[in-house]
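The values are calculated or read from the model by the stated rules, or taken from the named source; none is laboratory data. The shown structure was predicted, so the numbers you read here are calculated from the model rather than taken from an experiment. When we count neighbours, we look across all protein chains shown, and the Cβ atoms used for this are built from the backbone with ideal geometry, even at glycine.
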Amino acid sequence: MDSCLLICLLLHLRAPLLQATEGAQLPKVINEEEEVKTAQQQTDAQLQKCAAVGEALQHIKILENLLLRARFSKGNFTYMAPTIQTFVFSIKSRNFSGFSLSSDEQKWTNISPHQHSKQISSSKKKGHAMSFPPVLLEGVRQRTEEHRFVCIYINTSCAFQDENNNTLLNNYILGATLRNTSVRNLSHPVEMRFWHDRVLDNSTATCVFWLEEAESDSQGTWSREGCKTIHERHMVLCQCNHLTYFAVLLQISSEGINENLLAPLTYITIIGCSISAAASLLTILLYLVSRKKKGDNTIKIHMNLLGGLFFLNGFFLLSEPLASFNLMWLCRTAAVFLHYSLLCCFTWMAIEGFHLYLLLIKVYNVYIRRYIHKLCMLGWGLPAIIVIGILIAKKEVYGFHQIKTSGHNYTATMCWITSKSIHYFINLSYAGITMLFNIVVLVIVLRMLRNIPSQKERARRDIMTVLGLTCLLGTTWALAFLSFGVFLTFQIFLFTIINSLHGFFICLWYCTIHRKVDGGFTSETLQTTK
C-alpha cells in the first residue's frame, strides 16, 4: 500500500518535469528549422544572382549538411524557394517498398515507377520526378532504424558548371542523399524523369551525375558512368545505380561545321582511313617478307610510323561504332587507344625528321649505340607515359565526344577526348612542336641539296624524295592550324583528304623509291650498331 502511494507520488511529481523538458526542447527544434530556412534563402539568393560556381556549390553543400543533421518538429520537412526546393523524410529499413516524388505532387507516393509515369500527363512540357527502388537500403547494416533521406531540387543555370560550361535540360538538377550512408552499385537503379518539349536523342541529351574532384582545382565535372539514358516521347528517363546530383546534359555548342559538309567529310574520312589502314598493313607485310635492306634503319623507322598509322586509322574507324553501344568503359578504352595512336604517329614523325637530319646533315662520325632500340622506346614509350598520366590524373577526359553541325540538326558520336583543355594543351602543342621541327629540318635539307654542284639528276631525285617523305610524314598536319575564316571549308577538305590517305601515300612512296629504285637515301652512311 505504501509502495503504491510512493509510485503515484513519483509519477505525479515527474509529469511537470517531463512537460518542462519537452517545452525546453521545442524552441531548439524550431530554431533548427529556422536555421535551415535561412540557409536555403541564402542559397536561393546566391543562385538567383548567379554567383561564382564555387560559392554556389559551397552554399548548396552547407544546406545539404543542415538538412541531414537538423531536427524537425514533424519529422519530415519541406521548404520551397524560387530556385531550390528541399524535402526531408524519415524512412524505415524494415518493409521498405520504394517510393516516388514528382515536381507537381511534391509528396511521397508508394507506387511503382511505371504507374508514376502514367499519372503525369505526357503533354506536360516541363517537370521531373524521382523514383527510388526497394533495394535503396540494401547496403544499410541496421535494418530496423530510421534513416534521414534528403531530396534537393535545383532550377538554375549557374551552379554545377564544369570547365566546358555545359547546358542542362530545363536547368533541372535533382539531388538525393541518405544520411551516413553512401549508396552505390544498386542492383535496381534510381530513376529520374525529365519532361520536355524538344526533339532529343542519345546524341543530343545524356543523363549525367555530378562528380566531385577533391584533389583538383576544379569544383567537379559531369559524368555519365553508371547512368543509362532512355528517350521517350517528350521525356528523358535516367537510370543510375547510385545517389548524388543528377541532370540531363545537352550536347549543344555554338561551334560546328555546316550540316551539308559533315556527311561528305564523314564518307571521305571512312574511305581514306580504310585505304590507309589496308595500305599500311600491306607495306609492313611487304617489308617483313622482303630479304633486302632489313638492316636499314631508315626503313625500320618508316615501318614503325606505318604501324602507328595503322593503329590510328583502325581505332578511328572503330570509335564511332563502339560509341553506339553506350558503354562508358568500352568507349573510354577505345578513346585511350585512339589518343595513344595519334601521339605515337606524331612522335614517329618527329623521329623521321631527326633521322633525316642525321642522314643528310650530320653525316660524318655519328655513332649511337642501340639506335633503333632507343628510338622505339621513345616512339612508343613517351605517348604511353602521357596517356597513363592523363588516366591517373583525370580519366573522365576520355569518353563520348559529339561532333555537331552549326544547326544542331545532325551529330555524330565517337570515342575521343571530351575535355577541350586537354585537347588543345596536349594534342595541338604536341603536333605543333613536331610540325615546326620537321619544317625546319626540311628547309635545311632542301637548301643543302640545292647547292650540290654535280649530279643534278641525283640531287633532283633526292629533293623529291625528301620533300615527299617529310611532307607526307608530318607537315600536312600543319593544316590543322588554318581552321579559321575563309580557309575553313577548303582547309577541312584538304586536311581530311590528305591525312586520311596518309598511310596510302607512304605505301606508294615505299613501293616507288625502295622497291623499284635501287638507291635513294638510306641509312648506310649513318654508323649505328645493335
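Considering segment 173-223, and only residues there that are hydroxyl-bearing (Ser, Thr, Tyr) and within 22 Å of ILE60 (Cβ to Cβ), the residue that is modelled with the highest pLDDT turns out to be THR177.
Each residue in segment 415-437 was checked for being farther than 15 Å from TRP477 by Cβ, in a helix (DSSP H, G or I), touching a residue at least 12 places away in the same chain (Cβ under 8 Å) and not basic (Lys, Arg), and 2 pass.
A residue that is out of contact with any helix residue (DSSP H, G or I) (no Cβ under 6 Å at 6 or more places or on another chain), modelled with pLDDT of 80 or more and among the β-branched types (Val, Ile, Thr) occurs somewhere in segment 444-466. Quick one: would you say PHE346 is touching a Leu at 6+ places or on another chain (Cβ under 8 Å) and at pLDDT 90 or above? Considered against the rule, which asks whether it is touching a Leu at 6+ places or on another chain (Cβ under 8 Å) and at pLDDT 90 or above, PHE346 comes out as no.
Taking residues in segment 276-294 that are farther than 14 Å from CYS511 by Cβ and assigned by TED's automatic domain parsing to the domain that holds THR496, and partners anywhere that are small (Gly, Ala, Ser) and modelled with pLDDT of 85 or more, the pairs with Cβ atoms closer than 8 Å and at least 6 places apart or on different chains are SER276/SER500; SER276/GLY503; ALA277/GLY314; ALA277/GLY503.
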